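Visitor: Sharing a structure, written as structure tokens. Questions coming.
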Amino acid sequence: MIKSIIHDTLSLVVITIVSVVCLAFVHGLTADTIAAAEAEERSASFRKVFPEAVDFKDIDGLEEILEKAADGGILLAGVTIGEAKYALDADGNTLGCVISSTSANGYVSDITLSVGITNGGEITGMTVTAMTETMGLGAHCQDEEFQEQFTGKSGELTFVKDGADDPDEIDMISGATFTSRAVTEAVNGATAFAKFQQIAAGGDN
């Protein structure tokens with residue numbers, strides 16, 4: 001009886017160990033695949049928001065610049081910069097930068113977007129890359145009509161309910177104040193960081 005119990009226990013232990021090893025192996029393969037897919041999606045979004053760029057280059061000392069920006073209160077509360085690269089032309093000249101910016105202030109959850117910004121601070125494009133906002137309301141932040149409003153603008157932007165008249169205004173999404181605010185904050189965070197990193201680099205990209 002005891003031998004049977006020991007045998008069954010050892011069998012369960014072996015099965016558990018094998019299962020854990022297999023799951024860890026599969027997770028490793030899946031994690032790499034997911035990471036590669038996310039990296040490709042970011043690259044595609046960078047090409048979309050800065051169509052004139054033919055290549056993108058890492059910003060030297062980015063982590064240090066991000067820390068200085070955080071210490072200096074450059075970004076609004078709840079806004080973080082996930083990735084930033086220089087946008088280059090065919091001759092390797094820097095046209096500006098592309099930035100992945102996230103606001104934690106969405107109605108449902110985080111909203112992540114990519115923004116292209118010229119050396120002069122003008123937005124070349126914006127696209128929302130990740131969000132879980134309410135369908136039929138905040139989810140409209142992914143509509144081209146809403147996103148295209150940001151192209152060509154510069155400086156700190158605000159959103160309005162009754163029609164944008166001023167150059168620094170964006171028409172909000174109807175019935176989605178939190179989402180509109182979060183997107184605008186994330187874009188403002190990206191433009192503020194672009195200006196800050198340009199100063200940190202001494203204006204020489």
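Visitor: For region 86-95, does any single residue satisfy the condition of being surrounded by fewer than 21 Cβ atoms within 10 Å (Cβ to Cβ), part of a strand (DSSP E or B) and either small (G, A, S) or within 13 Å of the chain's Cα centre (by Cα) (or both)?
Guide: No, region 86-95 contains no residue that is surrounded by fewer than 21 Cβ atoms within 10 Å (Cβ to Cβ), part of a strand (DSSP E or B) and either small (G, A, S) or within 13 Å of the chain's Cα centre (by Cα) (or both).
Visitor: Ok, one more. I'm trying to understand the selection: among the residues of region 171-193, which are surrounded by fewer than 20 Cβ atoms within 10 Å (Cβ to Cβ) and not in a helix (DSSP H, G or I)?
Guide: Once the filter is applied, which keeps residues that are surrounded by fewer than 20 Cβ atoms within 10 Å (Cβ to Cβ) and not in a helix (DSSP H, G or I), region 171-193 yields D171, S174, G175.
Visitor: Shifting gears a bit: Can you tell me how many residues in region 156-169 are without any contact (Cβ under 8 Å) to a residue 24 or more places away in the chain, within 16 Å of M126 (Cβ to Cβ) and either of a type in the set (A, V, I, L, M, F, W, C) or surrounded by 18 or more Cβ atoms within 10 Å (Cβ to Cβ) (or both)?
Guide: Kept after step one, since they are without any contact (Cβ under 8 Å) to a residue 24 or more places away in the chain, are these residues of region 156-169: 160-169.
In the following step, the residues that additionally are within 16 Å of M126 (Cβ to Cβ) were identified as 164, 167-169.
Those left that are additionally either of a type in the set (A, V, I, L, M, F, W, C) or surrounded by 18 or more Cβ atoms within 10 Å (Cβ to Cβ) (or both): 164.
Of the residues in region 156-169, 1 are without any contact (Cβ under 8 Å) to a residue 24 or more places away in the chain, within 16 Å of M126 (Cβ to Cβ) and either of a type in the set (A, V, I, L, M, F, W, C) or surrounded by 18 or more Cβ atoms within 10 Å (Cβ to Cβ) (or both).
Visitor: For the subset of region 96-115 comprising residues that are hydrophobic (A, V, I, L, M, F, W, C) and farther than 24 Å from A200 by Cα, which member is surrounded by the most Cβ atoms within 10 Å (Cβ to Cβ)?
Guide: Step one: list which residues in region 96-115 are hydrophobic (A, V, I, L, M, F, W, C), which gives 97-99, 104, 108, 111, 113, 115.
Within this subset, residues satisfying the condition of being farther than 24 Å from A200 by Cα are 104, 108, 111.
Details: A104: 14, V108: 15, I111: 28.
Taking the candidates together, the pick is I111.
Visitor: Same structure again: Report, ordered by the first and then the second residue, all pairs with beta carbons closer than 9 Å, sequence separation of six or more or different chains, a first member in region 78-96 that is touching a residue at least 24 places away in the same chain (Cβ under 8 Å), and a second member that is of a type in the set (K, R) and outside any strand (DSSP E or B).
Guide: G82/R42; E83/R42
Computed from the coordinates by the stated procedures, all read-outs in this text should not be read as laboratory data. The structure displayed is predicted, hence computed values, not measured ones. In this analysis, Cβ positions are derived from the backbone assuming ideal geometry, glycine residues included, and neighbour counts consider all displayed protein chains.
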